[in-house]
Every structure is written in C-alpha cells, then in structure tokens.
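Please read the structure below before turning to the comments.
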Amino acid sequence: MTRSRFAFLFTSFLSIAVPAESFAAPACDKGSVAKLVSEGNSAFGAQKYDAAVTAYQSAFACNHDVSLLFNVAKADLELGRYLDGLDAMRNFEKGSPDLSKDVRAAADDVITQLSAHVGTLTVHSSEPGAHVSIGDKDIGATPVDNVEVAEGTVSVRVVLAGHDPIVRQVEIKGGKPASVNADFAPAAGNNTPPPPGGDTTKPSSTKIHPLVWTGVAVGGAGLIVAIGTGAASLAQASSIKKQCMNNLCPASTVPDRSKANTLANVSNVSWGFAGVGAILGVVGAVLTVKSSKQESTSLVVGPGSVELRASW
C-alpha cells in the first residue's frame with residue numbers, strides 16, 4: 001500500500017472512528033477539533049510532519065481520542081522520533097480494543113518499522129543502587145534491564161556516592177541488545193577485613209642498628225679529642241718557636257717539644273678513631289634500612305589455631 005493510499009485510508013478511519021460527542025471537551029468545540037484534524041492531515045500529506053504532530057496533539061488534548069495517536073506515531077516515524085512513535089502507537093492499540101483486522105494490522109506494521117530503529121540497553125554495576133542516566137534522561141538505579149533506546153551512539157553515565165562517575169559511549173543498534181557493566185573501585189578508606197584463615201601482615205617498627213650508636217659515640221669522642229689535642233699541640237709549638245732562632249732551640253725547650261709531639265700524636269690517633277666511628281655509623285645505617293625492609297611479623301588465624309610469625 002503506498003503512502004498516499006494509506007493516508008487516505010486513515011483519514012477516512014478518523015472520520016468514522018471519532019464520534020461527535022467525543023469532541024465535547026472544555027474550551028474545545030466540535031468545529032475546532034475537526035479543523036485541527038484537517039490541518040494535521042494536510043500537513044502530513046505535505047510531509048510537514050512536525051506541524052502534523054502539533055495539530056494532532058492539540059486535537060488529542062481536547063477530546064482524548066486515541067485514534068489521533070495513530071497518525072502521531074506515523075509522523076514520529078518519519079521524523080526519526082522512534083521512541084515517541086512507539087509510545088503513541090502502543091497507546092493507540094491499548095486504547096482501541098475493538099479495532100478492525102485491517103487497522104490492527106496497519107498499527108502492528110508501524111510498530112515493526114519503529115522497533116527496527118530501537119535497541120535495548122542493560123546497565124549493571126559492581127555495587128547496586130548506582131544512578132543511571134542516558135543522555136539527559138534519568139533512567140533509575142541499577143540494575144537496569146532492557147531499557148528501550150533509539151539507535152545511535154548514546155552517553156551512559158553511572159553515578160555512585162563516594163566514587164568517580166563512570167561514563168561510557170555506547171553504540172545502540174536497532175533490534176539489538178547492548179549492555180554496560182560499571183565496575184566501581186573500592187572507595188578510599190574502605191578497608192575490607194581479611195577472611196578467616198587469612199594472613200594479616202604488619203611491618204615491624206624500624207629499629208636503629210646498634211652500630212649506628214657505636215659509630216656516633218666512637219666518632220664523636222675521637223673528633224672531640226682530635227680537635228682539642230691538635231689545638232693544644234699547635235699552641236705549644238707556637239710558644240716553642242718564639243724561643244728558637246734559626247731552628248736552634250735552647251735546652252730548656254726540650255720538655256715542651258716532647259709535650260707538643262705527644263699532643264700531636266694523640267690528635268692523629270683521635271682523627272683515626274673519628275674516621276672509624278663514621279664508618280661504623282654508615283654501616284649501621286645501611287643495616288637499619290635493610291632490616292626495616294625484610295623484617296615483618298604476621299598473625300595467621302586458621303581452624304583451631306593462631307600463629308604469630310616473624311621474618312627477617
């Protein structure tokens with residue numbers, strides 16, 4: 001059946017199916033409704049489908065005659081408003097239980113054409129109760145099953161309190177199912193207790209190796225003594241030098257020279273101790289870091305037993 005023959009058939013159907021008393025609605029007289037229907041039919045025939053839908057819906061608002069929804073659905077099909085068309089045609093069939101066989105077949109044919117451009121979308125999440133929106137339309141909370149969506153690419157947004165929103169671009173194909181699985185990572189600070197028989201490992205507190213303290217003590221003492229005796233030796237040598245001429249010193253300076261040499265020797269040895277202390281401190285620090293990485297304790301709970309394990 002061609003479009004022109006179908007439009008003629010349905011125009012005739014409207015004129016038969018809408019009784020005169022159905023036009024009696026507040027502020028909507030029979031003549032006004034008839035004029036709206038005529039304008040809708042003319043606009044539909046001229047392929048001005050937006051104007052046709054507006055006219056049919058205005059008439060429907062007056063008399064609530066579901067027969068008008070047939071042409072609304074046909075216009076929506078031409079406009080690519082497939083979901084709106086399905087709603088209109090389903091309401092038409094639901095509100096018209098006594099349709100003739102031919103009109104019922106024509107309505108089913110329109111539904112088939114509209115459905116060919118509509119797919120279904122299922123949205124689940126790792127935690128139920130997440131809010132779902134498709135484009136700018138709110139759908140509800142997960143799980144969401146088999147929601148009808150017009151074909152094309154749609155933006156699916158899944159939101160759960162305490163988590164970053166999950167957004168997916170989904171390609172919807174007519175007559176085909178699609179799905180989104182929103183896997184939310186555990187929220188920060190959400191520590192799940194270990195299962196029975198699990199292993200709870202706690203790093204031991206870092207203990208400074210004894211060599212660190214030994215190195216500090218030996219090195220510090222050696223440094224203090226080295227500086228003190230070195231300064232005293234230099235002062236003694238300066239005093240002796242003032243008593244000598246042309247590197248010739250009187251016999252009275254012999255005790256002072258011996259004392260200066262002794263102080264210098266002590267200072268040199270003390271510098272050696274300071275170096276040894278520094279080496280011990282470094283070695284102790286290395287052992288401390290190594291120990292903190294390897295040493296751990298764990299509490300193992302099993303059927304009928306509790307064990308405390310330690311490793312180094």
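Check whether at least one residue in segment 247-270 is of a type outside the set (A, V, I, L, M), touching a Phe, Trp or Tyr at 6+ places or on another chain (Cβ under 9 Å) and modelled with pLDDT under 75, and report yes or no.
Keep residues of segment 247-270 that are of a type outside the set (A, V, I, L, M), which gives 247, 249-250, 252-253, 255-259, 261-262, 265, 267-268, 270.
This time we only want the ones that are touching a Phe, Trp or Tyr at 6+ places or on another chain (Cβ under 9 Å), so: none.
No; the residues of segment 247-270 include none that is of a type outside the set (A, V, I, L, M), touching a Phe, Trp or Tyr at 6+ places or on another chain (Cβ under 9 Å) and modelled with pLDDT under 75.
Results for (1) touching a Gly at 6+ places or on another chain (Cβ under 7 Å); (2) crowded, with 22+ Cβ neighbours inside 10 Å; (3) outside the structural domain of Glu148 (by TED's automatic domain parsing); (4) not basic (Lys, Arg), shown as yes or no for each residue.
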| position | (1), (2), (3), (4) |
| --- | --- |
| Lys35 | no, no, yes, no |
| Phe44 | no, yes, yes, yes |
| Ala55 | yes, yes, yes, yes |
| His64 | no, no, yes, yes |
| Leu68 | no, yes, yes, yes |
| Glu78 | no, no, yes, yes |
| Gly85 | no, yes, yes, yes |
| Val103 | no, no, yes, yes |
> Which residue pairs have Cβ atoms closer than 7 Å, lie 6 or more positions apart in sequence or on different chains, and pair a first residue in segment 145-165 that is assigned by TED's automatic domain parsing to the domain that holds Gly175 and farther than 12 Å from Val118 by Cα with a second residue that is of a type in the set (Asp, Glu) and at pLDDT below 95?
Replying inline: Leu160/Glu127
>> Just to be sure before I move on: is Ser126 of a type in the set (Ser, Thr, Tyr) and within 30 Å of Glu39 (Cβ to Cβ) in the structure I sent?
In response: no
> Which residues, counting only those in segment 127-179, are part of a loop (DSSP other than H, G, I, E, B), out of contact with any helix residue (DSSP H, G or I) (no Cβ under 9 Å at 6 or more places or on another chain) and under 18 Å from Leu83 (Cα atoms)?
Replying inline: Gly135, Asp136, Lys173, Lys176
>> among the polar types (S, T, N, Q), closer than 28 Å to Val37 by Cβ and at pLDDT 95 or above: is that true of Gln169 in this structure?
In response: no
> Only one of (1) at pLDDT below 70; (2) touching a Lys or Arg at 6+ places or on another chain (Cβ under 8 Å); (3) of a type outside the set (Lys, Arg) fails for Val301. Which number is that?
Replying inline: (2)
>> Test of understanding: among Ala73, Ala51, which residue is touching a residue at least 12 places away in the same chain (Cβ under 8 Å), under 45 Å from the mean Cα position of the chain (by Cα) and farther than 17 Å from Ala106 by Cβ?
In response: Ala51
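Please indicate, with yes or no, whether at least one residue in segment 153-160 is under 26 Å from Asp65 (Cα atoms) and loosely packed, with under 13 Cβ neighbours inside 10 Å. It would help to see each step written out before you state the result.
Kept after step one, since they are under 26 Å from Asp65 (Cα atoms), are these residues of segment 153-160: none.
Checked against the condition, which is being under 26 Å from Asp65 (Cα atoms) and loosely packed, with under 13 Cβ neighbours inside 10 Å, segment 153-160 yields no hits at all.
Consider Lys137 carefully, then state whether it is under 36 Å from the mean Cα position of the chain (by Cα), surrounded by fewer than 19 Cβ atoms within 10 Å (Cβ to Cβ) and not polar (S, T, N, Q). Reasoning before the result, please.
Numbers: under 36 Å from the mean Cα position of the chain (by Cα): yes; surrounded by fewer than 19 Cβ atoms within 10 Å (Cβ to Cβ): yes; not polar (S, T, N, Q): yes.
Yes; evaluated as a whole, the condition is true for this residue.
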> Which numbered condition trips up Ser239, out of (1) modelled with pLDDT of 70 or more; (2) polar (S, T, N, Q); (3) surrounded by 15 or more Cβ atoms within 10 Å (Cβ to Cβ)?
Replying inline: (3)
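The values are calculated or read from the model by the stated rules, or taken from the named source; none is laboratory data. Please read these numbers as outputs of a predicted model, since none were measured by experiment. Please note: Cβ atoms are built from the backbone with ideal geometry, for glycine as well, and neighbour counts cover all protein chains shown.
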